[in-house]
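In what follows, a structure is listed as structure tokens, so that the remarks can point back to it.
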Amino acid sequence: RIVAALIAMVEMAADGTAALLPASLYNAVSRVLLPAESAVRRLIVIAARGLKVKPAPVRRMPQGLALARNGGKSNPFQLFDARKRFDPANLERAAATANPRIHVFAYSPLIPLFHPRPAESPVPEPDDAIDAARLGRRLAAVRMALENLPRQARRMVRWQARRDRMQSPAFRSPFRPGPPPGHRKKPKDEIDFVLRECHALASDVLNEDTS
């Protein structure tokens, strides 16, 4: 019901086929969509409890063909939480380009040379139009996942089996450590309570599988 309401809001505000939304509506939908995606991901884990699926056959990638990003179809729903990445290379680059720390006790016209002000990115106004193509793909993916939870549960079982066959995967759990994406310490909206309940139930399922 929450996802359906988000889709209705976007469709009513969309101008024909143009994927543009007012910034206020775009931000409002994004705030609800992120915890909704986390809740659906946890519903899939619950639906996959005790499910046995025949592993999919391994197919070789055809040579000489360039695959499209999504094969011309809607993006499938992502089964795992996005991880927080800390790239050491980015830290090294930031340190290499950092300005020297020079303290001037009295005002000097050279201060702007040592401490240049970073360029400020313009903050979109509430009525500004924002490209909502990616937001639309996320809404379509989460709606398709909800419409066919058993299929998504089978995907989850196969995904977990592939991770288990890897010698050293980057991660094995579909959930990232700590609170789920979109979690709020003080729930305000209905989706916050839904995510809290789904996360608790799905965490119990994962703990049973690893015990």
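Numbers for the structure displayed
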{"item": "Under 27 Å from K84, Cα to Cα: lysines that are on another chain or at least 8 residues apart", "result": "K185, K186, K188"}
{"item": "Solvent-accessible area, 1.4 Å probe, carbon plus sulfur percent, for segment 127-211", "result": "51"}
{"item": "Positive-end extreme of charge dipole, segment 142-207 - chosen from Q152, L206, Q167 (charges on Cβ)", "result": "Q167"}
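The values are calculated or read from the model by the stated rules, or taken from the named source; none is laboratory data. Only a predicted model underlies this, so the values are computations on that prediction, with no experimental measurement involved. Every residue, glycine among them, receives a Cβ derived from its backbone with ideal geometry; neighbour counts consider all protein chains shown. Surface areas here come from the heavy atoms of the whole protein model, side chains and all, with no ligands, DNA or RNA. Shrake-Rupley method; radii C 1.70, N 1.55, O 1.52, S 1.80 Å.
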